[in-house]
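Just below is one structure, and these are the notes that go with it.
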Amino acid sequence: MRPLCLHLPVSRHTKGGARIVAEYNVLIAGVGGQGVILISELLGNAAVRDGINVRGSEVLGMAVRGGPVVSIIRLGSDVYGPLIPAGKGDILIALEPSEALRNSTHLSPSSKVILNTETTVPFTVPLGESTYPAMDEIIARLNKVSSEIISLNAREIAVEAGSSLSANIVMLGAAFGAGQLPIKLDTIKEAIQAHFPAKLATINIKAFDLGYQQSRVHHQ
Amino acid sequence: MKELTVGSDAPGERLFLLGNEAIARGAIEAGVQVAAAYPGTPSSEIMETLAGVAQQLGIYVEWSTNEKVAFEVAFAASLSGLRALASMKHVGLNVAHDAVMTASYAGARGGMVLLVADDPWAWSSQSEQDSRYVAEQGYLPVLEPSSVAEARDMMVDAFRLSEEFHHPFMVRSVTRISHGRSDVTLGEISKERRQGHFAKDPARMVFTPSGARKNRPLMIDRFNQIKQAVDTFPGNHLELKNGARLGIIACGLSYSYTREALKWLGLEGQVSLLKIGTPHPLPERLVKELLEAVPEVLVAEELDPFVELHVKAIAGGSNIRVNIHGKDLIPLVGELSTRLLTEAIARLTNSRLPIDFAAIDKLGAELAPLLPARPPTLCPGCPHRASQYALKMAGKRVAREYGQDAEAVYPGDIGCYTLSYLPPIESMDVVLCMGASFGIANGLAHVLDTPVIGQLGDSTFFHSGIPALLNAVFNKAKVTMVILDNTATAMTGFQPHPGTGYTATGEKTTMVKPEDIARACGVEFVEVVDPFDLKQATDVMERAIRFNGPSVVVSRRPCTIIDQRNKKKAGEETIIYHIDQERCDGKCEACIKLLGCPAITKDDGRTIIDDTLCTGCGLCVYTCPYHAILKGVPE
Ligand SMILES: Cc1ncc(C[n+]2csc(CCOP(=O)(O)OP(=O)(O)O)c2C)c(N)n1
């Protein structure tokens, strides 16, 4: 594993009890409507609660209309800019497999990929203008640029939690299950609680927990 | 504990904000009392944020009909002694240009800030454009933040400076600031609320030729005073390093990338660094100090070599011998990044690159052909798709009569509907800027012998379509002008406009109908159609195209996203469609090929409708030669 803290011992903590990191880069990718931005908002809000320096940016472009969406969250004391420098991504949370591939050039060899296996095939494919890669090919390519892939069907798990709309939160849970995010588990859950009205919060906490467990199982 | 929001008066607290929220927060802290804008990515959330707290904080906020009006509304408030903000995207500044140029002659009374968001790489724009040139032309000082947090600081500074120097100020954002996110420490909110007072002073406020001659020297004088002051402005900052051979002048956001690049290269402390927060006017003393201290200088900035040219002028004017680099090493196209700065600095310092960028590029090139194209597209059930389909059919029917190969020409405009220039619809032949569809249609009508059909959205019509419509009547252009009325400014996030019947703060107001305006302008053929009644819509459009004179068709159907939202709220069910597999041969694919609707797709050789995407518009029914598309879900 690549050391999380380049200049500080791993054991240092912030006032809130979170681990101090120099730089931890999260890339969240998907297509319009999948809730990419919500993941980054929750991560950012939680980081602030934990006293961690946070920067990021997103490109929606014309994403509402079905285009790709990429959001960036950067955590740590050494982070200035809104973009992840090429090759410095630590974790890719991909809500769509081909979008995972599209963004894989940002990854570092020690990075992790949290992969939702459910595909969203763009209309150009039935139109015959482009093709969608086979899942094996996607996994093989991602394996070459990352240290670990944790794949799951987030929609199915979300349905189990109570709503297919919570697939993004399942993915967030799985990302935490991978064990490197410097934000405390309690804090991200607080951020989820604070974001949703009570009934939806319960579903989303469940979605988070199921995603978390799924990726823990994966680890063993 | 009450949740913190962007309107909370909680100095010292930290909040995770979008750049545009931080910009709005800065205006709030500065005590802005009037704010006006026309939407445009990446600037829209500024006014949305202010609209959200308008009532709570006593701020007048409006979505204006266009950027020129927005600027004038804000400027009027400044002239009346209030702090005022106008915000817009870069191309919006072109629309406001005329007003902005003379406003700097008039100067400001209450602090006047013009926020312009540039869009390097044109993520959501028709062009890349560097607004600092416009500022230079108009003697507008520019503040340019290096981060989201500094954007908030600089908004507060801009209001203060504008008032101090009685001059309007521009703040330049870019996409990665406006749509950047960061933790931001909140400052105190000014509670001052001023009463508007217009002190009459025609000699200074009425711009006749003599007024211009009188005011130009005063304006230049004010600008020169600002120039004296910027050397000590905290947004400008010089770090000279002993023995450094390279100096970097980093403007705005590029400062963040530069800091990261220096760290990545292990060059921290070995390079002198001048952070520029005022690209116009530049802090000349600081620039000279740097130029005299190093033999080699790199200028980093988003978009054009604006600072670079001025730095070169300063070097030349002061006879300083130094090599100045900039856009020779950093691309002129697109946005900057830590990587681009790293590569440029590595070249100038003969340093080793921290990672193998070429390998990353190679990987990217290998991946590209594997990836499915995912262009943005009209949503399933978008009424624009139906309007385009009708227009194309109508155009074809009439064009035939102009000759065997004759084709109707379709000048288009900017909005969601622009996406229909793509296959398979391909119903926009030229798209320039907002409102240009009707203007271009006017011109084409005088030189082409074929039907000319211009089309724009309702928000665009109110923004800048009306003068060209009037022109068609005045100058007898035989054009068909279609207004795609989805009762929304959909592309930029559903901001209200004069046709929606409510204002930025949700107040009810008069609902203006484009057809009434068209009639009032003297158009004799004006009809309103429902694009989902495809046959009727096509027939009316055909008649409009045949009409001997300017004709207007309003194609009206609410945006599906809004419609679906409303239905959900009202508990109304959406009845969707399915494809009867017994009747569909699975091979003809007319529905797919004619419409490109994301809800119609292939599954194991079958053509199917995705029940999670279909919104039940029923347009595909018209395309199926086998009558295989049926209402409801299959039994
Ligand atoms: C001068 C200018 N201002 C703002 C924009 C940003 N912009 C692009 S499309 C659009 C509005 C589109 O609304 P409408 O014409 O109603 O079409 P819709 O998206 O609803 O289909 C705006 C504001 C722009 N491109 N140019």
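The values are calculated or read from the model by the stated rules, or taken from the named source; none is laboratory data. Since the model is a prediction, treat every value here as computed from it, not as a measurement. A quick note on method: Cβ atoms are made from the backbone with ideal geometry, for glycine too, and the neighbour counts reach across all protein chains shown. Ligands, DNA and RNA are stripped out before the accessible areas are found, and what is left, the full protein with its side chains, is counted by its heavy atoms. Shrake-Rupley method; radii C 1.70, N 1.55, O 1.52, S 1.80 Å.
Scaling the Cα radius of gyration of region B:392-494 by the globular reference 2.2 N^0.38 Å produces a ratio of 1.04. Rounded if a/c is under 1.5, else prolate if a/b beats b/c, else oblate: with a ≥ b ≥ c from the C-alpha gyration tensor eigenvalues square-rooted, which is region B:573-631? Rounded, because the longest to shortest axis ratio a/c is under 1.5. I'd like the interface area for chains B and A: accessible area of each alone minus the complex, both sides summed, 1.4 Å probe, protein heavy atoms only. What is it in Å² to the nearest 100? Separately minus together, B and A give about 4900 Å² buried.
Rounded to the nearest 20, the size of the Cβ-charge dipole of chain A about its Cα centre is 580 debye, with Lys and Arg at +1 and Asp and Glu at -1. By DSSP, the beta bridges lying fully in the protein assembly as shown are antiparallel in about 35 percent of cases.
Summed over the residues of the protein assembly as shown and divided among them, the accessible surface reaches 39 Å² per residue at a probe radius of 1.4 Å.
Counting only protein chain heavy atoms and rolling a 1.4 Å probe, the accessible areas of B:L470, A:L83 rank, largest first, as B:L470, A:L83.
Shape class of region B:14-231 from the alpha-carbon gyration tensor: prolate, with a/c at 1.5 or above and a/b greater than b/c.
In this calculation the C-beta distance from B:E13 to A:S77 is compared with R0 = 22 Å, giving a FRET efficiency of 0.60. Stokes-Einstein, applied to the Kirkwood radius of region A:20-219 over Cα pairs at a viscosity of 0.890 mPa s and 25 °C, places its translational diffusion at 147 µm² s⁻¹. In region B:383-567, Cα pairs under 8 Å separated by at least six residues give a relative contact order of 24 percent. The residues of region B:340-372 occluded by other protein chains by 40 Å² or more of accessible area, set against the chain on its own, are B:I360, B:L363, B:L367, B:L370, B:L371, B:P372; surface from heavy atoms, 1.4 Å probe.
For chain B, carbon and sulfur atoms together expose 53% of the accessible surface, with a 1.4 angstrom probe and every protein chain in place.
Across the cross-link table entries B:K535/B:K568; B:K89/B:K568; B:K568/B:K593; A:K206/B:K568; A:K88/A:K206; B:K392/B:K476, which are compared at the Cα atoms, the separations over 27 Å belong to B:K535/B:K568; B:K89/B:K568; B:K568/B:K593; A:K88/A:K206. Within the accessible surface of chain A, defined with a 1.4 Å probe on protein heavy atoms only, the carbon and sulfur portion equals 53 percent. For A:V31, nonlocal amide neighbours, meaning residues 5 or more places apart or on other chains whose placed amide H falls under 5 Å from its own, are A:V69. Which pairs in the list B:K602/B:K631; B:K396/B:K587; B:K327/B:K362; B:K567/B:K602 are over 22 Å apart, alpha-carbon to alpha-carbon? Among B:K602/B:K631; B:K396/B:K587; B:K327/B:K362; B:K567/B:K602, the Cα-Cα distance tops 22 Å for B:K396/B:K587; B:K327/B:K362; B:K567/B:K602. From the Cα gyration tensor of region B:461-573, with a ≥ b ≥ c the square roots of its eigenvalues, which class applies: rounded if a/c is under 1.5, or else prolate if a/b is larger than b/c, or else oblate? The shape class here is oblate. The phi torsions of region B:472-482, fed into the Karplus equation with coefficients 6.51, -1.76 and 1.60 and a -60° offset, translate into couplings of 5, 5, 4, 9, 6, 7, 8, 10, 9, 10, 9 Hz, rounded to whole numbers, with Gly and Pro shown as x.
Which of these, A:E23, A:E129, A:E156, has the largest mean-square fluctuation under a Gaussian network model of chain A (Cα springs below 10 Å)? Evaluated over chain A, the most mobile residue of the options is A:E129. The loop-placed trypsin sites (Lys or Arg not before Pro) in region B:572-635, going by DSSP, that have at most 15 neighbouring Cβ atoms within 10 Å of their Cβ come out as B:R583, B:K587. Of the residues making up region B:1-42, those losing 50 Å² or more of accessible area when the isolated chain is joined by the remaining protein chains, with a 1.4 Å probe, are B:R14, B:F16. The alpha-carbon atoms of the protein assembly as shown define a convex hull whose volume equals 181 cubic angstrom per residue.
Annotation: B:H179 carries an accessible surface of approximately 10 Å², with a 1.4 Å probe and no ligand, DNA or RNA atoms counted.
Per residue of chain B, the DSSP helices (runs of n ≥ 4 H) give a summed -39500 (n - 2.57) that works out to -11500 deg cm²/dmol at 222 nm.
For the set B:R181, B:R83, solvent exposure ranked by accessible area (probe 1.4 Å, protein chains only) runs largest to smallest as B:R83, B:R181. Entry note, chain B: relative contact order of 10 percent, from Cα contacts under 8 Å with a spacing of 6+ residues. Residue separation of B:E635 and B:A590 scaled by 0.36 nm, minus their Cα-Cα distance, works out to 13.8 nm of gained length. The gain in end-to-end length when the B:R160 to B:A212 segment is fully stretched comes to 16.1 nm, 0.36 nm per residue minus the alpha carbon separation. Axis angle, to the nearest 10 degrees, between helix B:209-229 and the longest C-alpha principal axis of chain B: 60 degrees. Between B:T510 and B:E426, the simple spin-label model (points 7 angstrom out along Cα→Cβ) gives 4.5 nm. Modelled spin labels at B:K227 and B:A76, positioned 7 Å past Cα toward Cβ, are 3.5 nm from each other.
Within the assembled protein chains, the solvent-accessible surface assigned to B:Y626 is about 100 Å², based on a 1.4 Å probe.
Taking every full run of DSSP H in chain A, the ones that stretch at least 18 Å from end to end by Cα along their long axis and average -1.0 or higher on the Kyte-Doolittle scale are A:36-49, A:198-219. Within the same chain, aspartates and glutamates fewer than 8 places from A:K184 are excluded, and of the rest, those with a Cα less than 19 Å from its Cα are A:E23, A:E41, A:D50, A:D90, A:D209, B:D183. Taking a quarter of the surface of the Cα convex hull of region B:344-402 gives a mean projected area of 9.4 nm².
When only Cα pairs below 8 angstrom with a gap of at least 6 residues are kept, region B:14-231 shows a relative contact order of 27 percent. Counting only Cβ charges, +1 for Lys and Arg and -1 for Asp and Glu, the dipole size of region A:19-102 around its Cα centre is about 60 debye.
Heavy-atom accessible area for A:D186, with the other protein chains in place and a 1.4 Å probe, reaches approximately 110 Å². In a DSSP loop and with at most 12 other Cβ atoms within 10 Å, there are no trypsin sites (Lys or Arg not before Pro) in region A:111-208. Compared with its chain on its own, region B:150-182 contains the following residues whose accessible area drops by 40 Å² or more in the full protein assembly (probe 1.4 Å; ligands, DNA and RNA excluded): B:R176, B:H179, B:R181. Rounded to the nearest angstrom and listed largest first, the equivalent-ellipsoid semi-axes of chain B from its Cα gyration tensor are 47, 31, 25.
Charges were assigned to the Cβ only: +1 to each Lys and Arg, -1 to each Asp and Glu. The resulting dipole of region B:236-367 about its Cα centre is roughly 380 debye.
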